Amino acid sequence: MKENAEFICPLCQRENRCGINNETACWCLTAKVPKALIRQLPTSKQGKACICAKCIAAFNTNLAYEAK
C-alpha cells in the first residue's frame with residue numbers, strides 16, 4: 001500500500017485506488033460522491049484524498065436501506 005495520504009481513503013484508511021496521476025482517467029473523476037458523505041470528513045481532509053469506492057457504495061447502500 002502506498003504511504004502517501006492522497007492514496008488512502010480518509011474514512012476507512014485503506015487504499016482508495018485513486019489513479020488520478022495515471023495516463024488513463026481514474027474512476028474517481030466520474031464517481032458521484034454524496035455531499036453528505038464528504039461532510040463527514042474533517043474540513044482539513046476534504047478535497048485532499050479520494051473516498052474509496054467501497055465507502056461510497058456502503059454510504060449509498062445505507063441511504064437506500066433507510067429510505068425503505
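Some values worked out for this structure:
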quantity	calculated
Tabulated pairs, the stretch 47-59, first assigned to a loop (DSSP other than H, G, I, E, B), second β-branched (Val, Ile, Thr), C-beta under 7 angstrom, 6+ apart or interchain	Ala49/Ile8; Ile51/Val33
Residue count, the stretch 30-51 (criterion: of a type in the set (Val, Ile, Thr) and surrounded by 10 or more Cβ atoms within 10 Å (Cβ to Cβ))	3
Selection within the stretch 8-28 - of a type in the set (A, V, I, L, M, F, W, C) and farther than 19 Å from Ala58 by Cα	Ile20, Ala25, Cys26
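Each row is one residue, and each column tells you yes or no for (1) within 12 Å of the chain's Cα centre (by Cα); (2) loosely packed, with under 13 Cβ neighbours inside 10 Å; (3) modelled with pLDDT of 90 or more.
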{"residue": "Cys12", "(1), (2), (3)": "yes, no, yes"}
{"residue": "Asn21", "(1), (2), (3)": "no, yes, no"}
{"residue": "Cys28", "(1), (2), (3)": "yes, no, no"}
{"residue": "Ala53", "(1), (2), (3)": "yes, no, yes"}
{"residue": "Phe59", "(1), (2), (3)": "yes, no, yes"}
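The values are calculated or read from the model by the stated rules, or taken from the named source; none is laboratory data. On a predicted model such as this, the values are computed, not experimentally measured, just so you know. With ideal geometry, Cβ positions are generated from the backbone for all residues, glycine too; neighbour counts draw on all protein chains shown.
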